[in-house]
Amino acid sequence: MEETRESVQRRFGWKIDIMNKFRGKAIVVVINPAQARIAEDAGAAGVIPVDSITEVMVTNEGAARSTDLNTINNVMDRVVIPVIGRVRVGHVMEAKAMEFAKVTCIEENELLNPITTKYNQAFPLKFRFKDGPNGTDGYEHTVDKACIDKQPFKVPFLCGAADLGEALQQIRSGASMIRTKITT
């Protein structure tokens, strides 16, 4: 059954309403439910549970994975603020698992390992802005990664972007909120 234009607009509006609650507020990365409770008491707008192993692997340039769903559920049982699930770039099944776990939103995180299989349904990151100054192509941006097509998901996505081109690509793929990331 195909969705009507009105139902798509309603769902998108709902996603934006959820994400506006985070604007200008702190979202805290936590390792366990006790830290999530402390973050909630300190006034955090939301928490991102991660496995301690994940953080160690990222700092050691190892293979990092999405957070264990048991950790997500334990944190959700302990706090009332929004819980954000973190998934690898391009990993649709991890995002579906987070949606099934009923997280408030999903963060597609580039610090975790990028997509590794050719069978994962990913959305290619490619953007070209035409009609630049003096009738030339204004901007072209291509990224080696592939992100998740976020449109079919009922849960909103939070994504990082280093520049305008990457931000527009994430929005094109269905991101409801963009966070800035600093590249060196």
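Here are the numbers for this structure:
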quantity	calculated
Ranked packing of 82-94, 66-78, most packed first, by mean Cβ within 10 Å	82-94, 66-78
Stokes-Einstein D in µm²/s, Kirkwood radius over Cα pairs - segment 6-54 at 37 °C with 0.692 mPa s viscosity	266
Length added when fully stretched, ARG11-LEU69, from 0.36 nm per residue minus Cα-Cα	18.4 nm
Within segment 1-46, GluC sites (Glu not before Pro) in DSSP loop having at most 11 other beta-carbon neighbours inside 10 Å	GLU2, GLU3
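Each reported figure results from applying straightforward, stated rules to the coordinates on display, with no laboratory input. Quick caveat: nothing in here was measured; it's all calculated off a predicted structure. Here Cβ is always computed from backbone atoms with ideal geometry, including for glycine, and neighbour counts include all displayed protein chains.
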